[in-house]
Structures are given as C-alpha cells and as structure tokens.
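First up is the structure itself, then whatever we jot down about it.
Just so it is clear, none of the values below were taken in a lab; they were calculated from the coordinates. Everything quoted here is computed from the prediction, not taken from an experiment. As a convention, Cβ positions derive from the backbone with ideal geometry for all residues, glycine included, and neighbour counts pool all protein chains shown.
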Amino acid sequence: MSSPGNRRIVSKPLVWAVVPAAGKGSRMGSEIPKQYLTLAGKQVLEHTLGILIGHPRITAVVLVVSADDVRWPIVAEQFEQGLNVVTGGAERCHSVLAGLNCLREHADDRDWVLVHDAARPCLRVSDIDQMLNNLNESVWGGILAAPVRDTLKRCSTNGEIEQTVDRTRLWHALTPQMFRLGDLRTAINTALESGLIVTDEAQAIEAAGGRPMIVEGHADNIKITHPEDLALAEMYLQIQGRS
Ligand code: CTP
Ligand code: MG
C-alpha cells in the first residue's frame, strides 16, 4: 500500500475502507464462515470487496481476517491491487481496531475511514456516494441507516407486551460507518479500556461525546446473518443488476 499520508502537507482528507471479516458466523450455522459462502456465483466477500475496491474515492481497503482463516489465501489472488490484510480479534470492535492500526502508518488522522461489514455484499455505490457527499464537511462523520418501519413492542420476560414504542426517529444502524481515523481509533481504544464492547463504530464515537449523523441508505443493504438471508441477498443483487 502506498503512503500518501506521508507526502501530504495540507490537502483534502483521503478516504480509506476497513472491512471486518474475522467473524465465525455462528448464527448462520454453517461450517464455512458466512463471508465465504457462495452468493450469485461469487463468495460473499468477493462481492463486498469488489464494491469498495472499485470505488474511485477509496484510496485503499484493509481487510481483517481471523488468525485461523484458511480460505482467504485462495480468494486473495484476484485482489492484488489496493488491499492490505491484517488479523482480527475476539469481537468485531477488536477486528476494526486492528484494521485502523494498520492504516496508521499510511493515512493521516484527519482522513476518513469507511468501516463496512464483510457480511453486507449488497451495498450500493450510490449509498457510498451519498455518505461521502453528506458527511464530507461534518464534524464527526456518520453512518448509513434505514428507518424502522414496523410497529415496535417492548415486552416482559414472559413475552407479554408492556408497551408500544414510538418508532419516530428510530433507525436501524447499517454500515458503512464513516469517521475520522484518529477520532475512531481513540474512541474504540477508550471504550475498550473502560470495558465497553461497542457493537458499531458510532457507539464508540457516541461514548466519546461525539454526535454522528444519520445518512439514509437502502434497506437492501442487509447483513447476512441467518441462512434465509442468502436467498434474499441473491435477489437484491439480481435487482441491482449485479448478478
Ligand atoms: N467480525 C469480525 N471480527 C469478529 C466478529 C465479527 O471481523 N471478532 C465481522 C464479521 O466477519 C462480519 C461483521 O464483523 O463481517 C459483522 O459481524 P456479524 O454479522 O456479527 O458476524 P459474525 O460475528 O461472524 O456472526 P455471528 O455473530 O452470527 O457469529
Ligand atoms: Mg457477531
């Protein structure tokens, strides 16, 4: 990976991407981790990386794989350009932090980083563009999200409904999540030091007192989580003309 960060004096922040792909996919119940399952003729990870590597504003992508990943080397051959690979950790936030630490020697702390789950292969280029356009001038950055559409219920431990929750201003957090490299690295480190295992990047920034923005994205940017999600993702890729 080149090191434009070292050559720049004062210039526009660059955009980098970190793709956490070090999970086991336990809810999927498959022996093969879900990022390596086949979806419309390619592995899930190939779809995800293709979108990010092919984006003209993204300088380079850092892929985070697990220490015992035997599948990545087989897929790796087709991704020689613009990709750095590091080893992840026990939780998603440890894996993201490993990716951010790798960027440290190449990027400036003011540069933007898009963190995007390997398990979300249906991300649209137009949603990346929307994020970059909307958040470029923001203080903290923000996340792609979809408005909650169903009626929400809070229930007791025995399954009785106690309350209908007002869904106005409630959003599903998606990825990419876009923050400044320095802010995000500090925020995740601080969260971990205080024993907080954040489940997304925004949570770390929020805990540090930041106010990330919401960028409305398409709801087809699903995270493959359960077996039935594969067929759904395949259909979304087909509708997008990507299969
Ligand atoms: N991830 C990671 N490192 C971890 C855990 C998760 O890089 N220690 C990645 C996954 O590979 C995935 C993304 O974070 O691309 C979102 O996580 P999730 O959907 O929860 O994936 P898994 O943890 O693999 O699945 P499960 O929770 O069902 O085990
Ligand atoms: Mg998980």
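Say a site is exposed when it is one of the GluC sites (Glu not before Pro), sits in a DSSP loop, and has at most 12 other Cβ atoms within 10 Å; what is then the longest site-free stretch of the chain?
On the way: sites that count: 31, 80, 105, 137, 160, 228.
Of all site-free stretches, the longest is 161-227.
Average the reciprocal distances over every distinct pair of alpha-carbons in segment 14-98, invert the result, and give the Kirkwood radius in Å. Mind showing how you got there, number by number?
Details: mean 1/r = 0.0753 Å⁻¹.
Taking the inverse mean of 1/r over all distinct Cα pairs, segment 14-98 comes out at 13.3 Å.
Please state the shape class of segment 187-237: rounded when a/c is under 1.5, otherwise prolate if a/b exceeds b/c and oblate if not, all from the C-alpha gyration tensor. If you can, show how the numbers build up before the last one.
On the way: a/c = 5.76, a/b = 2.03, b/c = 2.84.
The shape class here is oblate.
What does the helix-only formula give at 222 nm for the chain: each DSSP H stretch with n ≥ 4 adding -39500 (n - 2.57), the total divided by the residues, and the result rounded to the nearest 500 deg cm²/dmol? Please list the in-between numbers first.
Working: 8 runs with 73 residues, N = 243.
That comes out to -8500 deg cm²/dmol.
Between 231, 202, 60, where does the largest GNM mean-square fluctuation fall for the chain, given springs only between Cα atoms within less than 10 Å?
Top of the fluctuation ranking is 231.
At what distance in angstrom do the alpha carbon centres of segment 99-154 and segment 184-234 lie from each other?
Comparing the Cα centres of segment 99-154 and segment 184-234, I get a distance of 9 Å.
What FRET efficiency comes out for the pair residue 11/residue 189, r = Cβ-Cβ distance, R0 = 30 Å, nearest 0.05? Walk me through the numbers on the way to the answer.
Numbers: r = 27 Å, r/R0 = 0.88.
Using R0 = 30 Å, I get an efficiency of 0.70.
Over segment 1-150, with a single point scatterer placed on each C-alpha, what log10 of the ratio I(q)/I(0) does the Debye formula yield at q = 0.20 1/Å?
Debye curve over Cα of segment 1-150, log10 I(q)/I(0) at q = 0.20 Å⁻¹: -1.37.
Can you give the extra length, in nm with one decimal, that the chain gains between residue 216 and residue 136 once fully stretched, where that is 0.36 nm per residue apart less the Cα-Cα distance?
In short, 27.3 nm is gained.
State the three equivalent ellipsoid semi-axes of segment 99-243, derived from the C-alpha gyration tensor as the square roots of 5 times its eigenvalues, in descending order and whole Å. Let's see the in-between values first.
Working: eigenvalues 147, 102, 46 Å².
For segment 99-243, the semi-axes come out at 27, 23, 15 Å.
Could you check the spin-label model distance between residue 163 and residue 206? Points 7 Å from the Cα along Cα→Cβ, value in nm.
Reported label-point gap for residue 163 and residue 206 is 1.6 nm.
Hey, got the Cα dimensions of segment 94-159 along the principal axes, in Å, largest first?
Principal extents (largest minus smallest coordinate, Cα): 52, 28, 27 Å.
Relative contact order, percent, of the chain when contacts are C-alpha pairs under 8 Å separated by at least 6 residues? Can you show the working numbers first?
On the way: 435 pairs, mean separation 57.5, N = 243.
Answer for the chain is 24 percent.
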